[in-house]
Amino acid sequence: MTVLVTGGAGYIGSHTVRQLRERGTHVVVLDTLELGYREALLGAELVVGDIADIALVTQLCRTYGVRQVVHFAAYKNVGESMLQPAKYWLNNVTGTVHLAEALLAAGVDQIVFSSSCSVYGTPEVVPVTEAAVVQPESVYAESKATTERVLGWYGATHGLRAVSLRYFNAAGASFDSQIGEDWAHSQNLVPVAMKAALGVRPPLQVFGNDYPTHDGTCIRDYIHVDDLADAHLRALDHLAAGKGTAAFNVGTGVGSSVLDVISTTERLSGRKVPHEFVARRAGDPVSTFADPSRAFEVLGWQARYGLEEIIATAWQWHSTHPDGYVSR
């Protein structure tokens, strides 16, 4: 049996591909390489192409005997999504419709979808459970929520079974520093803190220090990328066992503030992280972290690593790969 991984040359995708191969699963990756890197695949089989190419995906599934799919291929910049909404509707939503049509044409009826905790918007209660209201506050988040619904309707009409994993804040790198996040395309806090510590960017901007938290800065749930990858494998096992469509929060259940991330980076790297406090950003929730208990109960999954491992592995990766992957 082969697992098709769309967007598998990206950050979370490449870590998932690696874990799948390590447990003996045959994997084929479909990626445009617009934001992914061949080097991140560590030799895994790659087909360069687009999820919207129905003929290509159908033939790929038939040729390789694909039975399950992990779907990462999406744009994910919140700010960009508000400036270029069509880009997100066409790729994230319409692209997934084309992907689903191709999978069904090839007889594939199991998919794990890379969703996001952003579908909850600003949650009314934390920790956030899957019962929280889905109320996206950006085009990106709406594209994820819409795709979850699209996959649900494909289940109702065509028998496609889908597990949607609603990630919290992915961070860190592989423990052997072979693969990690390319910071050229990331505005996430951890890689930005690494850049500041290495002196390759201006001081990090901390948006607000007057929130009602232990140090005045926002709190988020940071999850190690290897833990995320493991969640995808368990979701595939869930589907292989004949289980139905479901959505799960994937987080640690522990919140860390912006200053927690900065201080941990300084301690583990031995360097200062230059930073400055600026005004709050509109729409930033005070605190968001997961209740991951349903993923444990149903998938048998729970996070193994915390902020220490996230920062340690991220620092090792970024400090030894300041230019990310050497070539495209």
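Readers should treat all values here as calculations from the given coordinates under stated rules, not as data from a laboratory. Because the structure is predicted, anything quoted here is derived from the model rather than measured. Every residue, glycine as well, gets a Cβ built from its backbone with ideal geometry; the counts of neighbours run over all protein chains shown.
Things to note:
- A crude spin-label estimate for the pair V278 and T129, with each label 7 Å from Cα along the Cβ direction, gives 3.9 nm.
- Extreme residue, positive dipole direction of the chain, given options T94, I310, V66 (C-beta unit charges): V66
- Maximal additional length on extending the D323-E34 stretch stands at 102.4 nm, based on 0.36 nm per residue less the C-alpha distance.
- The distance between label points at L198 and V298 comes to 3.8 nm (points 7 Å beyond Cα on the Cα→Cβ vector).
- Crossing angle, helix 258-269 versus the chain [Cα axis fit, 0-90 degrees, rounded to tens]: 90 degrees
- Centroid-to-centroid separation of the stretch 193-221 and the stretch 1-25 [C-alpha atoms, Å]: 32 Å
- Alpha-carbon centroid distance for the pair the stretch 281-328 / the stretch 106-122, whole angstrom: 18 Å
- Lys pairs under 25 Å by Cα in the chain, provided they are eight or more residues apart or on distinct chains: 6
- Think of each Lys and Arg Cβ as +1 and each Asp and Glu Cβ as -1; about the Cα centre, that makes the dipole of the chain roughly 320 debye.
- Full-extension gain in nm, M82 to K243, via 0.36 nm per residue minus C-alpha separation: 54.4 nm
- Principal-axis analysis of the Cα atoms of the chain puts helix 139-158 at an angle of about 20° to the longest axis.
- Relative contact order (%) - criterion: Cα under 8 Å, at least six apart; region: the chain: 20 percent
- Note, ³J(HN,Hα) from phi for the stretch 114-123, Karplus 6.51, -1.76, 1.60, rounded to Hz, x at Gly and Pro: 7, 9, 7, 5, 5, 5, 7, x, 8, x
- 19 Å cut-off, amide nitrogen to a point 7 angstrom out along V254 Cα→Cβ, residues in the stretch 177-197: 189-191
- Modelled this way, with points 7 Å down the Cα-to-C-beta line, the labels at V286 and A55 are 5.7 nm from one another.
- In the chain, the longest principal axis of the Cα atoms and the axis of helix 54-64 are about 80 degrees apart.
- Calculated FRET value between S263 and R149, using beta carbons and R₀ = 41 Å, to 0.05: 0.50
- Multiplying the residue separation of D210 and E137 by 0.36 nm and subtracting their alpha-carbon distance yields 24.0 nm.
- Computed from phi, the 3J(HN,Hα) profile of the stretch 183-189 under the Karplus parametrisation 6.51, -1.76, 1.60 (θ = phi - 60°) reads 6, 4, 10, 10, 10, 6, 4 Hz, with x in place of Gly and Pro.
- Sequence-distant contacts, meaning Cα pairs under 8 Å at least 6 residues apart, place the relative contact order of the stretch 1-95 at 33 percent.
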